[in-house]
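Visitor: Let me give you the structure first, and then I'll get to my questions.
The values are calculated or read from the model by the stated rules, or taken from the named source; none is laboratory data. Note that this is a predicted model, so its numbers are computed, not measured.
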Amino acid sequence: MSQKLNDLKKQVETLTPDEQLRLISYLLQKLSLCEITSKPRHNVMEFAGIAPNHLGGMDAQEYITRMRRGEFPELEIEEIEPRKNSEY
């Protein structure tokens, strides 16, 4: 989320409920004049063959289990830091 949007959210918190409703009304009216296009949806079958032979014929669960044991040293698993705050 952009810093600008975060700043706006903080400003909205300072508004009275009536002012917040008027802001919502304004935004809805403004957005009703815009043409919003959605991202194209993908069929899962489009991904077939995208990584052929990645598992070398091994069952996916077996591959994951062996990878977690460290049997594939060339594959490093990066730890992801947990989110501190929700973006919404």
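Visitor: Tell me, please, whether a residue that is among the polar types (S, T, N, Q) and at pLDDT below 75 can be found in the range 19-41.
Guide: The answer is no, given that none of the residues of the range 19-41 is among the polar types (S, T, N, Q) and at pLDDT below 75.
Visitor: State yes or no: is residue 74 among the charged types (D, E, K, R) and at pLDDT below 95?
Guide: Against the criterion (among the charged types (D, E, K, R) and at pLDDT below 95), residue 74 qualifies.
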